[in-house]
1. Kindly work out what percent of the DSSP beta bridges joining two residues of the stretch 71-154 are antiparallel, to the nearest 5.
2. Comparing Gly258, Gly293, Gly109, which has the greatest mean-square fluctuation in the GNM of the chain with Cα pairs linked when under 10 Å apart?
3. Placing +1 at every Lys and Arg Cβ and -1 at every Asp and Glu Cβ, with all other atoms neutral, what dipole size does the chain have around its Cα centre, in debye to the nearest 20?
4. What is the antiparallel percent of DSSP beta bridges lying wholly in the chain, to the nearest 5?
5. Mind checking which of Ser156, Ser269, Ser41 has the largest fluctuation in a GNM of the chain, springs on alpha carbons under 10 Å?
6. Which of Phe218, Phe146, Phe286 moves the most in a Gaussian network model of the chain with Cα springs under 10 Å?
7. So which lysines can Lys313 reach, going by Cα to Cα under 19 Å and dropping same-chain residues fewer than 8 places off?
8. To the nearest 20 debye, what is the magnitude of the charge dipole of the stretch 42-113 about its Cα centre, counting +1 on the Cβ of each Lys and Arg and -1 on the Cβ of each Asp and Glu?
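None of the figures in this text is laboratory data; all of them are computed from the coordinates on show. Since we're looking at a predicted model, the values are computed, not measured. Positions of Cβ are generated from backbone atoms using ideal geometry, with glycine treated the same way; all protein chains shown enter the neighbour counts.
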Amino acid sequence: MSIGPHSGKCGYEPTMDVITFGEAMVRLAPSNFRRLEQAYSLDIEIGGAELNTAVGLARLGRRAAWVSRLTDNPLGRLIANRARETGVITDGVLFTDTDRVGTYFLEHGAAPRPSGIVYDRANSAMANIAMGMIDWPTVLAGANWFYVTGITAAISSTAADATLEALHTAKELGLTTCLDPNYRAKLWTVDEARAWLNDAIQYVDVLVTNPEDIKRFFGIPGADIAKAAAEAVNRFNLVAIAMTLRETHSVWRNTVAGIGYAGGRLIQSRSYEVEVVDRLGSGDAFVAGLLHGLLDGDLEKGIEFGTAMGALKHSIPGDFPWLTKADVEGLVQGGGLRIDR
């Protein structure tokens, strides 16, 4: 299987580049580094891993669709409207008169206090999704890629089953599938995640992970990155694997890089030192840039674009990567910190 576009007729016209599947929530955060207990007002953003990636792809000029389940109330419509505002196609979103919209609260930290998240998403519309609710053959018809993360599986047992259903159908229809475990300890245990991921991996063509997760979920030591990547590709019959690398010097100063492996070749990006305005969504931006390159059949482009896009996302408030292709290309080509005027 080559890393490139899938050809075929499309349920959406014209052919969809990437379809993502997952929950998006309303994000509420106090300003000026306040704790939640100090807050008298909260800033509103929208975020969710798979939607964030779809936004990044749309900003790069790709046709990206996001599939989810939302409550038909002002909060559900707010999320869908924000997605459409960025160019993401939401035709596959199911609206329900029951359940609720998930929310999460973010406290921005500063060393030595880390940032923190409080979830309020139990029994959300997406958590209550179940197999058979989405007509996947119709939704996926003619699309090139399907992308999902372990977060979607983590929110409930029915969502876990629905995610496997989606991956299996995408694989059967000939789409190239991509999975990021994106482990969230507040949503499920390591053992629960490991069991689901080892079921899901049989339907995956491209795995996005990191040295820590490849060891704890798949039992592959990650210290030697090249060896770990090669072992994962061979063991799971992957087309490619990508890994993000991060050094956390402080809450607000990190160094990030990315690697990719396919066809016996290891590709490593340059490293970027980032000042963290908002770290949330940076991994999702990496995936958007990665898929952008892979849609052109170019893993090296994907790793360079993904790492640069993820690095730039650290500088932007909110979960969405409000970036242009020119922004990313400028950083890949060398960039600079002088005022652009």
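1. If I count the DSSP bridges inside the stretch 71-154, around 75 percent turn out antiparallel.
2. Maximum fluctuation in the GNM of the chain, among the listed residues, is at Gly109.
3. Result for the chain is approximately 580 debye, rounded to the nearest 20.
4. 50 percent
5. Among Ser156, Ser269, Ser41, the largest GNM mean-square fluctuation belongs to Ser41.
6. Residue with maximal mean-square fluctuation among Phe218, Phe146, Phe286: Phe218.
7. Result set, ordered by chain and number: Lys301, Lys325.
8. About 280 debye.
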